[in-house]
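These notes are about the structure you will find just below.
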């Protein structure tokens, strides 16, 4: 019990320190707080205007990544942001669970414009918390905030490198090198590849390969496919995930995503641990920095203790406060 309280206190102190850092950084680069708010609202208006016309599949994919706040979209962001998410989740047979989350990025132009600080407070390994093995940086399986310094290289033709070192809320270090590569791009199709080499205490040394395909169906409809496979010294064999999505843009302030997912590990006695279908609706509220989400889902999961796969319906609600600069 004492350990749980100490972790909670560290998370609270970590969150407060991050908030103070972000505020001080904003104040040093903006003469008045009001000017910063005006710039933020203007930026949001520009995003809405940009949403009106998309010429390529990559244009739509980049907007969706930014609007939803995907792992890859936020890591490669060229702007500072602060996202505070209040999430309530329920699965049949389990208790309702409340999970506050914090994600932020602060560039450090006084040191070097390619350096930035990344903060995360995720409880799973990917944007979908149920899916294991997707993101090596957050491969911990429990609530565990991270703070890291990231260096982003120049873009060499169609690829770039990120180098990152940091600490988690248990004061354990991690390090990684990430290679991003635009494999193929044409107006209606984009294929991207992300390769990780990493070290983290609970996983050891390992590698993670991701593929993302985005197909533009029309100006408001996008098909997405994502695949990931991870292997590390302490992983359950090859940990993999496979995701198919249809994203429908509903104007400049909302979207709906229809998702089909599967994941598992080769060390398990069964190849597929879980199947999941979900519908995710996200909308920007009348208050420009406030977002609302609802995501009903059905899981078909199997555990080592179960003989047959069980069907588990559930729902997740999110209320997000988002600032960008």
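The values are calculated or read from the model by the stated rules, or taken from the named source; none is laboratory data. What you see is a predicted model; the values in this text were computed from it and never measured. Heads up, the Cβs are rebuilt from the backbone with ideal geometry, glycines too, and the neighbour counts pull from every protein chain shown.
Please work out if residue 30 is modelled with pLDDT under 85 and either over 30 Å from residue 301 (Cβ atoms) or under 22 Å from the mean Cα position of the chain (by Cα) (or both).
Working: modelled with pLDDT under 85: yes; either over 30 Å from residue 301 (Cβ atoms) or under 22 Å from the mean Cα position of the chain (by Cα) (or both): yes.
Criteria met by residue 30.
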* From the list 201, 188, pick out the single residue that is surrounded by fewer than 17 Cβ atoms within 10 Å (Cβ to Cβ) and without any contact (Cβ under 8 Å) to a residue 40 or more places away in the chain. => 201
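Checking the conditions here, which among 252, 237 is assigned to a loop (DSSP other than H, G, I, E, B) and touching a helix residue (DSSP H, G or I) at 6+ places or on another chain (Cβ under 8 Å)?
Working: 237 fails: touching a helix residue (DSSP H, G or I) at 6+ places or on another chain (Cβ under 8 Å).
Just one listed residue meets the conditions, 252.
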* To do: Quick one: residue 195 ticks every box in (1) out of contact with any helix residue (DSSP H, G or I) (no Cβ under 7 Å at 6 or more places or on another chain); (2) modelled with pLDDT of 95 or more; (3) surrounded by 15 or more Cβ atoms within 10 Å (Cβ to Cβ); (4) closer than 21 Å to residue 59 by Cβ except a single one, so which number is it?
  => (4)
* Asked: Just a yes or no: is a residue in the range 292-311 touching a residue at least 40 places away in the same chain (Cβ under 8 Å), in a strand (DSSP E or B) and in contact with a helix residue (DSSP H, G or I) (Cβ under 9 Å, 6 or more places away or on another chain)?
  -> no
* To do: Would you check if residue 321 is in contact (Cβ under 8 Å) with a residue 60 or more places away in the chain and under 19 Å from the mean Cα position of the chain (by Cα)?
  => yes
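Looking for whichever is under 30 Å from residue 276 (Cβ atoms), at pLDDT 90 or above and either outside any strand (DSSP E or B) or in contact with a helix residue (DSSP H, G or I) (Cβ under 9 Å, 6 or more places away or on another chain) (or both) here; the options are 130, 62. Which one fits?
On the way: 130 fails: at pLDDT 90 or above.
After applying the criteria, what remains is 62.
Name the residue, out of 113, 95, 101, that is over 22 Å from residue 164 (Cβ atoms) and out of contact with any helix residue (DSSP H, G or I) (no Cβ under 9 Å at 6 or more places or on another chain). Full working, then the answer.
Numbers: 113 fails: over 22 Å from residue 164 (Cβ atoms); 101 fails: over 22 Å from residue 164 (Cβ atoms).
Of the residues listed, the single one that is over 22 Å from residue 164 (Cβ atoms) and out of contact with any helix residue (DSSP H, G or I) (no Cβ under 9 Å at 6 or more places or on another chain) is 95.
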* Structure fact -> Among (1) in contact (Cβ under 8 Å) with a residue 60 or more places away in the chain; (2) within 18 Å of residue 265 (Cβ to Cβ), residue 247 falls short only on (2)
* Residues being crowded, with 17+ Cβ neighbours inside 10 Å and at pLDDT 90 or above - total across the range 70-100 -> 10
* Inspect the range 196-204 for any residue being in a strand (DSSP E or B), under 22 Å from residue 268 (Cβ atoms) and more than 20 Å from the chain's Cα centre (by Cα) and give the result as yes or no. => yes
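For (1) over 25 Å from residue 228 (Cα atoms); (2) in contact with a strand residue (DSSP E or B) (Cβ under 6 Å, 6 or more places away or on another chain); (3) in a loop (DSSP other than H, G, I, E, B), each residue gets a yes or a no:
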position: 261; (1), (2), (3): no, yes, no
position: 264; (1), (2), (3): no, no, no
position: 268; (1), (2), (3): no, no, yes
position: 277; (1), (2), (3): no, yes, no
position: 280; (1), (2), (3): no, yes, no
position: 286; (1), (2), (3): yes, no, yes
* Odd one out for residue 239 among (1) free of Cβ contacts under 8 Å to residues at least 24 places away in the same chain; (2) within 25 Å of residue 306 (Cβ to Cβ) -> (1)
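Okay, residues lined up against (1) closer than 17 Å to residue 70 by Cα; (2) modelled with pLDDT under 95; (3) surrounded by fewer than 17 Cβ atoms within 10 Å (Cβ to Cβ); (4) within 18 Å of the chain's Cα centre (by Cα):
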{"position": "211", "(1), (2), (3), (4)": "yes, no, yes, yes"}
{"position": "235", "(1), (2), (3), (4)": "no, yes, no, no"}
{"position": "255", "(1), (2), (3), (4)": "yes, no, no, yes"}
{"position": "281", "(1), (2), (3), (4)": "yes, no, yes, yes"}
